[in-house]
Amino acid sequence: MIPSALINVMVKAARRAGRSLKRDLGEIENLQVSLKGPANYVSNADKRAEEMLYTDLAKARPGYGFLGEEGGVREGTDKSHTWIVDPLDGTTNFLHGIPQFAISIGLQRDDVLIAGVIYNPANDELYISERGKGAFLNDQRLRVAGRKQLHDCVIACGLPHIGRGDLQHGLKELATMMPKVAGLRRFGAASLDLAAVAAGRLDGYWERDLQPWDLAAGMLMIREAGGTVSGMLGNDDPLKTGHVICGNENIHRELVKVLKAVG
Ligand code: IPD
Ligand code: CA
Ligand code: CA
């Protein structure tokens, strides 16, 4: 697969920010962190990575808008294009030295996702996708898993935690799902959960209360790998609702049915 000029720009930016994060991972105990919430930290690494990404992407594509987790909306003169960026997805993993975190860069053109890059600098796994051109992991073409029965499947999810999410509802979803599947997993970086579904490593994934920067790149990745992505209703847009259910067509349908029954 010969990456397009656009993908090359995104990959170059992701790799440069990734080198910075990898250095910071090595010095994690020295990082200045400020509490942003009970279990949610903003690290200097996070902010530095976003500024590097903004600088590189703005230089390569002047005028594009930029929506980043740390800096919010930065309007561009080109109203058709918007970068949707999480400079460090899996912040809690990162701050605990767990090598499951990623830089996630999505690009929207007139509200349509057209390109995505998800890069884990800890293991150098680079996921790329472009609308109509497939999804790839380190140059290997991706296809979602083919399992058709939920009882054969390993499914990832999010979990409420101190100060985050509805504990009782989350427990109801887990209690309903656990007896129906071969296994549940909680990895702590939504973009990599989505990428793992695209790669067929996970059969499905669901999570509530996410942000566009968690979702954008991974949603395109899954669709380009032949999978289905929606919100909780099965045909709604996770970028608008913040909730996501995904998998191959059969498993997505099964997950929607089970989770709808929980309410
Ligand atoms: C978080 C991760 C986590 C998900 C949270 C997100 P962050 O992103 O993606 O897996 O459960 O909802 O906020 O805060 O580490 O960028
Ligand atoms: Ca995130
Ligand atoms: Ca983040």
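The values are calculated or read from the model by the stated rules, or taken from the named source; none is laboratory data. What you see is a predicted model, and the numbers here were worked out from it, not measured in a lab. Heads up, the Cβs are rebuilt from the backbone with ideal geometry, glycines too, and the neighbour counts pull from every protein chain shown. With ligands, DNA and RNA removed, areas are computed over all heavy atoms of the protein, side chains included. Shrake-Rupley method; radii C 1.70, N 1.55, O 1.52, S 1.80 Å.
Selection of segment 239-263 for residues being under 20 Å from Gly165 (Cα atoms) and surrounded by fewer than 24 Cβ atoms within 10 Å (Cβ to Cβ) yields Leu239, Lys240, Thr241, Gly242, His243, Val256, Val258, Leu259, Lys260, Ala261, Val262, Gly263. Any idea which residue in segment 44-100 is farthest from ligand 3 (Cβ to nearest atom), counting only those that are touching a helix residue (DSSP H, G or I) at 6+ places or on another chain (Cβ under 8 Å), over 25 Å from Gly158 (Cβ atoms) and part of a helix (DSSP H, G or I)? Ranking the candidates gives Ala60 first. I'd like to check something: does segment 99-118 contain any residue that is open to solvent by less than 20 Å² (accessible area, probe 1.4 Å), touching a residue at least 12 places away in the same chain (Cβ under 8 Å), over 16 Å from the mean Cα position of the chain (by Cα) and not assigned by TED's automatic domain parsing to the domain that holds Ala182? The answer is no, given that none of the residues of segment 99-118 is open to solvent by less than 20 Å² (accessible area, probe 1.4 Å), touching a residue at least 12 places away in the same chain (Cβ under 8 Å), over 16 Å from the mean Cα position of the chain (by Cα) and not assigned by TED's automatic domain parsing to the domain that holds Ala182.
Within segment 101-113, does at least one residue satisfy the condition of being away from ligand 3 (no atom under 15 Å from the Cβ) and hydroxyl-bearing (Ser, Thr, Tyr)?
Our first condition is that a residue be away from ligand 3 (no atom under 15 Å from the Cβ); within segment 101-113, this holds for 107-113.
Of the ones still in play, those that are also hydroxyl-bearing (Ser, Thr, Tyr) are none.
No, every residue in segment 101-113 fails to be away from ligand 3 (no atom under 15 Å from the Cβ) and hydroxyl-bearing (Ser, Thr, Tyr).
Of the conditions (1) assigned by TED's automatic domain parsing to the domain that holds Val229; (2) in a loop (DSSP other than H, G, I, E, B), Gly132 fails just one. Which one is it? Tallying (1) assigned by TED's automatic domain parsing to the domain that holds Val229; (2) in a loop (DSSP other than H, G, I, E, B), Gly132 fails exactly one: (1). Of everything listed in (1) within 18 Å of Ile114 (Cα to Cα); (2) open to solvent by 10 Å² or more (accessible area, probe 1.4 Å), the single unmet condition for Ser230 is (2).
Within segment 77-98, being more than 18 Å from Leu215 (Cβ to Cβ) and open to solvent by less than 10 Å² (accessible area, probe 1.4 Å) holds for one residue alone: Phe94.
Residue check: Asp209 meets all listed conditions (1) assigned to a helix (DSSP H, G or I); (2) open to solvent by 70 Å² or more (accessible area, probe 1.4 Å); (3) of a type outside the set (A, V, I, L, M, F, W, C); (4) within 20 Å of Ile84 (Cβ to Cβ) but one, namely (1).
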